[in-house]
Every structure is written in structure tokens, then in C-alpha cells.
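Take a look at the structure below.
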Amino acid sequence: MNTRGQMTTDALPALRILVVDDNRTNLQILQVFLKKLGHTTISGENGEQAIELCIAHKPDLILLDIMMPVMDGFEAARRIRAQPCDHWIPIMFLSALDRDENLVTGLEAGGDDFMSKPINFVVLEAKMRSMQRMLLLQRRVVESLKRIEAISDNVLDAIITIDTIGRIVTCNASCERIFGWTPPEMTGQNVKMLMPQPHRSEHDTYLDKYVRGGPPQIIGVGREVVAVRKDGSLFPAELGVTEILFDNERLFVGILRDISERKASERKLRENAEQLQRYFEETEAENRLARELIDRQLLRPELNDSQLHFFITPAQNFSGDIIAAARSRDGKLYAVLADATGHGLTAAISTLPVLSIFYGMAPFGAPLSEMVGEINMKLRQSMPVGRFVAATLVCIDNKSKTGEIWIGGTPECMLIGPDGRVTQRFAPQQLPLGIIDTNDELLETVHFKWEKTNQLAIFSDGLIEAANREGVQFGNQGLLLAMGTAALGQRHQAVRHALQLHLDGLTAHDDVSLLLIECPENS
């Protein structure tokens, strides 16, 4: 986390920020970080609370998670935008959903900005400063409008009256502030002095045609124009022109407003949107490169072993679950299923040391306990506090019909017989890798035997904890039921199909992986 300290720039006001996330850890981290930047926070845990808190507290900015119970962030944003409000409240989505369609949906729902999880706090701090500058500009515009309404006798807009030949008849005091010329300097001059080319050269012709009965082009219609100051500088303005008859003389009254600040705010919003798009594109490019590098580690030819049947379904673009396998020189089959903390790219990167050590030691027939010790030591050295890797490692010897297994943090493993029934269970007895220093107890493994052809079922908690629309988990019961109705080589496909039916179109909230290893009767 980047903690540069509390903001001290007086020109940028502290904000009252509504933070909505169903993950209390995320809420706490964001609140602490925003407080260090000098802001105050209001927190909520779902979309309904977001709407209620927005109405009650009228925050300056909303940081809104997308995937939440009760009501998601998209619907909450739509309902907030539907509420009457006299000022703009920016909405920034914070979500692990970083696909194009999610970004588009967020913007269409009323969002103004987007940040992918896990949060890059350096980028978040920069976005906070950008939001402060935009809101400061907005406040200045609002304050200016309020002053205009309050001072009816001293209108701030330039009011200019011209006759039928374009000569300035009258102008108010605001003209000096806007254009730089004093009213006496402007009176009697042609109004085209306030216009840039080519409008300056064309104005007299247009006005003459209209006075002679031609069609109006700007009379009675407000429009944006470019005006010229006394010093020759150009600025954007809003212009409305009406025609009046005064003492039988046709006059034209123009009301002109300098909109430089508003245009600056709009330009800043466009720039922020462009920056957001560039950031998104850069992130996508980095993700593609990361995926290619990780796939080279994961998609190894050793996984084509005929004794293996497996599938992995990531919750995001990258999976924190991995499956690896290799044969030793004496024919033993080594395999590992690992599940890293979190989801996405960060979790995927956390598994790379596991793959590197596994593929480096398995071909040489290293003892399973030695492999566990090396992986644990590497993760302890390289992983930050709070990050760890749950794993199951196994070694299968077809010749002796024996196996060795180590389970740390993953669900129990099961030996499944030809009839689909469980013949032996292996309970997890160790902590995940990367939490504690290596000791003799951590290295203890379990040995087992088989007679008839069996399958060893290894899976991540994402499989059995996958919940349907009613909140019912797939569980061991769903796994065993699917396996019990399928042929030996088709069990993994049967489980995948049963899981899809269970979820009924929903996406699992965690990575899902299943590895079935055949333990044959005849070697």
C-alpha cells in the first residue's frame, strides 16, 4: 500500500466518501487509506445500503463494489442516478470484474470511473486527487450560478444590444469583465469586433439578409460560440439572441456567458475517461502477456498422462488453482493440486514456485516429504504475510500398488472404487504451504495401498463450496453422486456437467479444480 501521508494542498478540499463493499477487510483497508489522504468515509455492505446512505449523507464521491449480496453495484448505481440531486456525485466502481463488458455496463449504469481489484493504491491516490480537482471545479461553477441568481440587479452575463446594422447600442458592466473592453469602448462599434474569423467577415451580410426578411439562424436559439477578448484571446461562450421592438426600432439583445470553466471541467472528464481507457488497455496487454507466461508453466505435455483426468475452471481470467504431473525415471507418477490465496493474476503468480520446484524434483524421484519441504521454504521466502498455498501432493507406484499422499489446507481426498463408492478417505492434517517454517511434523505423509482399480479424487474447496441460487453447496454428496453414475474414464466430465447443472448459469465465486488419478489393478 502506498501511504504518502495526509494531503496538505489547501486548494483541494477533503471529501466525504461513501465506500460500499461486502468484504469487511476491503472496507477497513480502504477506510484507513482514505483517512490518511485526509478524507472522511461512510461505509456500507450492499447496494441497498449504498442508496440509503447516499440519500442520508449526500457524499462527494462513491466507491462502489459490483458483486454484492442483496443488490449489486450496477443496480445501486442506476437507482442512485435516478434520485433527484442538485450536484454531481462521481461513482467509481471497484471490482475484480475487469472484462470489457463489465466496464461498459458500469459506465452505462451511471459510473464515472473504474478500478480493478486488487486495488493499486498508487493509482487510487492519483484518481482521488483528480476527483478532488474536478469536484473543486464543479463547486466553483455552482457557486458562480448561485451568485448570479442572488444578484438580480448586477447580472454577470454580458448583455449586448445592437441595431439592424450591427452597431452596439448598449452593453452592461459585465462586458468589461468578459471581453476586456469597457462599455464606452464598445458602444457605437460593430458587434463583429467580438467575433473571430470567418464569422467577423460574414456577420454583416447575414444580419442584412435577416433584416430584409431572410430566415433566422440564431434568433431565439441558444448556441455555443467562440468569442474574442480585447487581447485577441479566444474563449468558449453560450449565446442567446432575441429580437425586440423598442420605440418602433428593431433591436437585437444578445446574452453571452463565458463557459471556459465548464469546458475545462468537461475536458478534464474526457481526459480522465481517455486515461481510464488507456489504463484498461495497458492492463489487458499485461494480462495477455502474463497469461502466456503462466500457460507455458501450466500446459505441460506431462499432463497428457493416461492415468490423469482433470479440469480447472477459473473464477476470473487467471486461476489460482493449478494441476501438475510428472513421471520419475523409475516410472512413478507424481501429481500436485494447489490452491493459492485469492483469485486472478496475483493468485496465479503465487503458484509459480510450486510448479518450478515440482517439475525440478519429480523426474528424479525425490521423496514427497523433501518436495514439500523445498516448496514450503521457497514460499516462506517469497510470499508476503497472509499469502499461502493449500496443496495436495501424491506419488503413485503402479508396480507395488502403493501410494503416498500429503494434504495441507485442501479438502479431504478419496479413493474411489470401480463401483463409485469410497474405499478410503484421507483427511487434511497439515497447514497450507508458506505459513510456518518447515519442521518434521509438517513433512509427515500418509501411505496407502489398493488391490482393484481405483481412482484417487483430489479437488479444491471451490468445487464442493460452489453454491446455487438458493445458497446450497455442491458438496461431497454432489461429487460422489456424479462419479457414481459415470464410467471410470468419464467421471471428471460427469462431475463438470453436474456442477454446471447445480449452478444453473451462475459463476462459481472461487476457482474450481478436480484431479482424478487412476490406480490400476495391473501395472
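The values are calculated or read from the model by the stated rules, or taken from the named source; none is laboratory data. Given the structure is predicted, the values throughout are model-derived calculations rather than measurements. A quick note on method: Cβ atoms are made from the backbone with ideal geometry, for glycine too, and the neighbour counts reach across all protein chains shown.
What the table shows:
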read-out	value
Subset of region 491-523 that is among the hydrophobic types (A, V, I, L, M, F, W, C) and in a helix (DSSP H, G or I) - its residue that is farthest from P411 (Cα to Cα)	L501
Sole exception among (1) within 21 Å of P353 (Cβ to Cβ); (2) modelled with pLDDT under 95; (3) among the hydrophobic types (A, V, I, L, M, F, W, C) for L463, by number	(1)
Checking A273 against (1) at pLDDT 75 or above; (2) surrounded by fewer than 15 Cβ atoms within 10 Å (Cβ to Cβ); (3) under 30 Å from L516 (Cβ atoms); (4) aliphatic (A, V, I, L, M), the condition it does not meet	(3)
Any hit, region 442-458, residues being surrounded by 20 or more Cβ atoms within 10 Å (Cβ to Cβ) and part of a helix (DSSP H, G or I)	no
Whichever residue in region 248-276 is among the aliphatic types (A, V, I, L, M) and within 34 Å of the chain's Cα centre (by Cα) and, among such residues, is nearest to Q132 (Cα to Cα)	L269
Pairs with Cβ under 6 Å, 6+ apart, first in region 443-461 and under 22 Å from G373 (Cα atoms), second β-branched (V, I, T)	L443/V372; V446/I405; I458/T392
Looking only at region 19-38, and only at residues there that are part of a helix (DSSP H, G or I) and among the polar types (S, T, N, Q), the one that is surrounded by the fewest Cβ atoms within 10 Å (Cβ to Cβ)	T25
Any pair with Cβ under 9 angstrom, 6 or more apart, that starts in region 360-372 at a residue that is at positive phi and ends at one that is of a type in the set (S, T, Y) and surrounded by 17 or more Cβ atoms within 10 Å (Cβ to Cβ)	G365/Y334
So S369, is it of a type in the set (S, T, Y), in a loop (DSSP other than H, G, I, E, B) and surrounded by fewer than 21 Cβ atoms within 10 Å (Cβ to Cβ)	no
Flag if V225 is under 24 Å from R177 (Cα atoms) and of a type in the set (V, I, T)	yes
Of the criteria (1) over 15 Å from F448 (Cα atoms); (2) buried (at least 20 other Cβ atoms within 10 Å of the Cβ), which one G360 fails	(2)
Test: residue in region 290-304 that is at pLDDT 90 or above and in contact with a Phe, Trp or Tyr (Cβ under 7 Å, 6 or more places away or on another chain)	no
Scope region 235-258; condition touching a residue at least 24 places away in the same chain (Cβ under 8 Å) and surrounded by fewer than 11 Cβ atoms within 10 Å (Cβ to Cβ); matching residues	E249
Check on I244, farther than 30 Å from M131 by Cβ, touching a Ser or Thr at 6+ places or on another chain (Cβ under 8 Å) and either β-branched (V, I, T) or in a loop (DSSP other than H, G, I, E, B) (or both)	no
Options I407, I416; residue that is buried (at least 16 other Cβ atoms within 10 Å of the Cβ), within 22 Å of F311 (Cβ to Cβ) and more than 36 Å from the chain's Cα centre (by Cα)	I416
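Results for (1) more than 22 Å from L156 (Cα to Cα); (2) of a type in the set (F, W, Y), shown as yes or no for each residue.
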{"residue": "E176", "(1), (2)": "no, no"}
{"residue": "F179", "(1), (2)": "no, yes"}
{"residue": "M186", "(1), (2)": "no, no"}
{"residue": "E202", "(1), (2)": "yes, no"}
{"residue": "R229", "(1), (2)": "no, no"}
{"residue": "D247", "(1), (2)": "yes, no"}
{"residue": "F252", "(1), (2)": "no, yes"}
{"residue": "L256", "(1), (2)": "no, no"}
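Residue-by-condition table, conditions (1) more than 19 Å from L516 (Cα to Cα); (2) at pLDDT 95 or above; (3) within 31 Å of the chain's Cα centre (by Cα); (4) not in a helix (DSSP H, G or I):
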{"residue": "D330", "(1), (2), (3), (4)": "yes, no, no, yes"}
{"residue": "Y334", "(1), (2), (3), (4)": "no, yes, no, yes"}
{"residue": "I349", "(1), (2), (3), (4)": "yes, no, yes, no"}
{"residue": "P353", "(1), (2), (3), (4)": "yes, no, yes, no"}
{"residue": "Q381", "(1), (2), (3), (4)": "yes, no, yes, no"}
{"residue": "A390", "(1), (2), (3), (4)": "no, no, yes, yes"}
{"residue": "L393", "(1), (2), (3), (4)": "no, yes, no, yes"}
{"residue": "I396", "(1), (2), (3), (4)": "no, yes, no, yes"}
{"residue": "G403", "(1), (2), (3), (4)": "no, yes, no, yes"}
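Yes or no, residue by residue, for (1) surrounded by fewer than 21 Cβ atoms within 10 Å (Cβ to Cβ); (2) not β-branched (V, I, T):
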| position | (1), (2) |
| --- | --- |
| L61 | no, yes |
| I66 | no, no |
| I80 | no, no |
| H87 | yes, yes |
| T105 | yes, no |
| A109 | no, yes |
| I119 | yes, no |
| V122 | yes, no |
